[in-house]
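The structure under discussion appears below in the form of structure tokens.
The values are calculated or read from the model by the stated rules, or taken from the named source; none is laboratory data. Note that the structure is predicted; figures quoted are calculated from it, not measured. A quick note on method: Cβ atoms are made from the backbone with ideal geometry, for glycine too, and the neighbour counts reach across all protein chains shown. When the accessible area is computed, the model is the full protein with side chains, heavy atoms only, and any ligands, DNA or RNA have been set aside. Shrake-Rupley method; radii C 1.70, N 1.55, O 1.52, S 1.80 Å.
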Amino acid sequence: MTLTVIWLLPLVGSGLIAFIPPRFAKWLGVVVALAALAVAAGVAFSFEPGYRGYQYSEAVPWIPQLRVFYRLGVDGISLWLVVLNAFLTVVAILATPIATRHLNRFVALMLAMSAGLAGVFMATDLVLFYVFWEAMLIPAYFLLWIFGEGDRPARAALKFVLYTLAGSLLMLVGVIGEYVFTGKQTFDLATLATLAPSPSIQFGLFSVFALAFAIKTPLFPFHSWLPDAYAAAPTPMLITFAGVMGKAGAYGFLRIAVPLFPEPVGWWDWRWVVPVLAVAAIIWGALMAIAQRDMKLLVAYSSVSHMGFIVLGIFSYNVQGQQGAILQMVNHGIIISALFLIVAWISDRAGTRDRSAMAGLAARMPVMAGVFIVVTLAALGLPGLNSFAGEFMTLLGAWQRAPALALFGAIGLVLAPVYMLRLFQGVMQGPPAGPVPRSDIYIGQLLLLAPLVILMFVIGLDPNALTSLMTSLGQAGLAR
Amino acid sequence: MAIAIFFIAAAMAVAGAVGVVSFREPIRSVLSLVVVMLALAILFLLLSAQFVFVVQIIVYAGAVMVLFLFVIALFGPSRELARTRLRFQSWLSGLFVLALLGLIWAMLQGVQYRQPDKGVDLSVFGTVQAIAVGLFTTYLYPFELTSILLLVAAIGAIYLSRKRIDDL
Amino acid sequence: MSPLLTVDLTYTWSQALADLSQIAAVATLTGFFLFAIVVDLVLPKHRRGGAVAMTAVTGFAFALATAAYRWVYGQGGASAYHGFATGDNFALFFEILFATLGILTVALSHSYVRKRGLLESEFHILIMAAVIGMMVLGSATSLVTVFLGLELLSIALYIACGFVRTESRSQEAAAKYLLVGGFASAFVLYGMALIYGGAGTTVIPEIAKRLDATSSGNPLIILGIVLMGVGFAFKVSAAPFHMWTPDVYQGAPLPVTAFMSVGTKAAAFAMIVRVFSGGLPHLAPEWQALLAFVAATSMVVGNLMAIAQTSLKRLLAYSGVAQAGYILIGVIAGGQSGLSAVLYYLFVYMFMNFGAFAVITLLAGPEGDRDRFSDLEGLARRNPVMAVLMSVFMLSLAGFPPSVGFFGKLFLFTAGVSAGYTWLVVLAVIMSVVSVFYYVRVLVPVWTASARTDRVPASISSQGVLWLSGVASVALGVYPTTVLLLGQLGANPISGP
């Protein structure tokens, strides 16, 4: 029952909030999100490390004719993602400006998207996973289209939906293929991880699953929907969109693609192709970020680069790499949310998103500059802040698999300071030029960022708090 | 002998059918249709369906076609407008028909008809009594359904042909 | 004169009752149909419409109850009237489906017919006749009865399509449907005659016994299958025999289009399953190949053509062509999983498709149907409930979970892959992505802020239809097991348990 509450509560809340007057929407939304966070945190506190199998599992027969069950469960991989999702939902709703038109619909859609994401992370039945995977596209589409910024949000929303759907509908064939070709006619992930069809069938099934996850993550070269979608998304939505939804793709790789298909060899060996693509994503994302003048797009491309690290860690097929990947998923969620918030606040005050049009804002916004440098350093991977441990572990894992992968991946570590520091220095330091900001950071906004920054330090100084729980795995097929 | 009659009747039927669609004056089309009906009746007779032969002539060629002729006569003589020129469709359809005929001919080479069941009395096939018995025992259900079908057709005909739409 | 024939002419009361109970739903509805005609004749003009509508609804409800009663308490299906009809679970499933569709249609058309100034009583009588034909088709076990049911349903619909006498588009739709439909019926009949020549009987279970796999060498049977397949494909509006669908759907009055889009499709599929899966099981490779070609073409043509449409009726017509392709996958897969998926999909398709048409119907004005995209503008402000429900229907047709459209496709595709038609399923999936584009495009004017504030009035019965369809589209998807189980029970007589 506990896990069902984590996704059902935001969904019910969403349904109610859509019909109440907008005045109460934000605060009721925060209450609902906090309640879900409390339950998720409770699950995390009583989680047992080192346990084999899923914890808090629920299994109810759903469609007996196809042996589909309503099966939920958490293990070391999904636990922190569930908590991250609940946490970022609270942050996102708090960050929603009260002046938003149709605030009740906005908050309702945000909660619905959060419910869908929670379901994705907790589902341990392939059909249930798929249902949540696709269902969360509906609120995302409406959020992007109706509340999007920029001149053509409808087009960006449609591109996002169609691109993602192309992958996920092909994944449906893979889901059905798993049921048909593994001989046992089941959709249960734990069971499927122990059965493996022939390598050529694995190749085909891996291809369709990997395509869907690669589009969602996004992994180079399937990332072209991201700049348009991120540019159009309103900032509160971006927090969950960039912070959590991308992780769903990486989670899919880790939960499904790696364990269910240990030997996907056909025209080529996927186990080598995907890490190479991940390295390409790291370098490409960093290069594109360097070339951006729009601050929001710069952060978006840096996200592509960081997701490359995560995928590289997953496909290193060893403990360090995969635990590092999960850690990095949490870290990236926190950092990217903070970055997008700060960039949005700066561009709000300066009136433009173009970083080359402003300079020396630190003089007028010292507190904002202070927080900004902390977040920038976290994004760079400074030791002591959270991203270092994650990036280190993923590169270590990649090195153990193939040193060349780690070497090329480390190029991303070198390129990150280029675009991040250039962004910070260009905007904040130097003689003041360009538009003058109205004010410094508000107290409310500072308080909103505080938990994120605190977490950056806490996780950076004690990553073991998270990784210790990652030893409990629900299914076979993953490196222990 | 039977084969000769078959071919004559078949030729009449095909010629009549072609005439129905190609004549420009409606009255000539209807008369061609009468020829088709008569040809079909002859074909029925060749297959020993005596009752259907008579009914075809009386009901179809006699009643239905006469009604058609009445309607045409009421509307007065008229001539269809010059039709639009079909460019390539006639050639295409000709090719298609040839292909279809070739296919049918090839397939008919290996046809196996099912032999009649043992113990069935074929001398009463097609007689009035056989049809009457069948219509009220074995084929009772389709018979009643056909009556509903005719009822619906009648309702539809009345609805579609009314002059004053808001009355009745 | 001594009789030429010695035939057993006994027909006892018990036999008569047993036969009648097999076709109880059909008989009940026919009784109410005849009663409705009498009501129409007897009552004064201003009371006719409502009374006939009530009779129609009562008749459908009684037929529904009769079929449901026989499902739960009946002894199972037996052949009635010398093998020409049956009341087995397959027939009962479709009788329940068609009766529900009839109730929905009467509820929706009540206000529409009044708004446009059409004659209400004839309308409902024609709908009843069409439903009778559909039920006959569902319960038919002989080629003769199949054909008669087909013709009854078709003729009633030809007239209903041309119901708006003053609108040339409607008359054109009726004429087109009549010509093409007659052509298709001729194909079906020709094929049936050839099959009869090869098998010696028109009773479908007998045909299944007499034709075994060696009959695939008999050109009569092959040609018969091809001709019947072509005729069936016309009726189910599958490409490349779908040409009539957009024009007829666009021209016919909206409730008729809504009724046709679900009813003819379901009835035609019942026909295909009965004749092909039930009557020619050993010749499966032949008709499966034909249907696979038709299914692939339908999915491609239907989805691609729908993208370019500016009329909602035509868009839904092409979407129907594509949906027919998806359902054909289940027919091809066969077996209990395939046929239960087909039955599930037909049942839920009724709710989502009829719901979508219902929303468009409510936009109509006295001068005609309004089915441009621009007529949906600002619906979120004009009638928020309708906007939400339209979104549900479009997303369900597109196949988003947790709606019924998704689960229907899941069941169909699973059956398809299990039967070895993975290529067809991959094609279906790719085309589904294409379909999302035009389904979602319908929602763009609905939710975009607009200055329009004219209300969209909806009568109680129409609102009921919308709510029922909307709730069913989601509820039967969140918990699809019950309907799937009913589909399995319905498929048992054909596919075996």
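Spatially, the range A:1-37 and the range C:9-37 are offset by 56 Å when compared through their Cα centroids. Rolling a 1.4 angstrom probe over chain A with all protein chains present gives an accessible area of which 70% lies on carbon and sulfur atoms. If I compute solvent accessible area with a 1.4 Å probe over the protein chains, what percent of it on chain B is carbon and sulfur? Accessible surface attributable to carbon and sulfur in chain B totals 76 percent. Placing +1 on each Lys and Arg Cβ and -1 on each Asp and Glu Cβ, with no other charges, gives the range C:13-495 a dipole about its Cα centre of roughly 880 debye. Approximating the spin labels as points 7 Å out from Cα along Cα→Cβ, the C:Met54-to-B:Val21 distance works out to 5.1 nm. Could you tell me the distance between the Cα centroids of the range A:345-413 and the range C:135-175, to the nearest Å? Cα centres, the range A:345-413 to the range C:135-175: 69 Å.
Per-residue ellipticity at 222 nm computed for the protein assembly as shown from its helices equals -23500 deg cm²/dmol, with DSSP H segments shorter than 4 residues left out and the rest contributing -39,500 (n - 2.57).
Rounded to the nearest 20 debye, what is the charge dipole size of the range A:74-193 about its Cα centre when +1 sits on each Lys and Arg Cβ and -1 on each Asp and Glu Cβ? Intermediate results must be reported in sequence, preceding the final value.
On the way: 6 positive and 7 negative charges, 90 e Å.
In debye, rounded to 20, the range A:74-193 gives about 440.
The protection proxy used here, the mean number of other Cβ atoms lying within 10 Å of each residue, ranks peptides B:17-24, C:416-423, B:108-115 as follows, highest first: C:416-423, B:17-24, B:108-115. Here C:Lys409 is the anchor, and the lysines within straight C-alpha reach of less than 25 Å, apart from those fewer than 8 places off in the same chain, are A:Lys159, A:Lys184, A:Lys216, C:Lys235, C:Lys265, C:Lys313.
Highest average first, the peptides A:421-430, A:165-174, C:445-454 ordered by how many other beta carbon atoms sit within 10 Å of their residues are A:165-174, A:421-430, C:445-454. Peptide C:363-376 has a mean of 0 when you count, residue by residue, the C-beta atoms of other protein chains within 10 Å of its C-beta. The order of the peptides A:302-310, C:44-52, C:299-307 by mean Cβ neighbours within 10 Å, most packed first, is A:302-310, C:299-307, C:44-52. Tell me which of A:Ala18, A:Val414, A:Leu8 sits at the most positive position along the dipole axis of chain A, charges placed on C-beta atoms (Lys, Arg +1; Asp, Glu -1). Projecting each Cα onto the dipole axis, the largest value belongs to A:Ala18. For the charge dipole of the range C:45-122, defined by +1 on Lys and Arg C-beta atoms and -1 on Asp and Glu C-beta atoms about the Cα centroid, which residue among C:Phe90, C:Val72, C:Val113 has the Cα displaced farthest towards the positive pole? Toward the positive end, the furthest listed residue is C:Val113.
Ordering A:Leu341, A:Met329, A:His306 by Cα displacement along the dipole of the range A:269-480 toward the positive end leaves A:Leu341 in first place; charges were set at the Cβ atoms of Lys, Arg (+1) and Asp, Glu (-1). Rounded to the nearest 20, the size of the Cβ-charge dipole of the range A:269-480 about its Cα centre is 240 debye, with Lys and Arg at +1 and Asp and Glu at -1.
Centre-to-centre, using Cα atoms only, the range B:128-160 and the range C:407-431 are separated by 42 Å. Accessible surface computed residue by residue for the range A:269-480, with neighbouring protein chains in place and a 1.4 Å probe, gives 35 Å² per residue.
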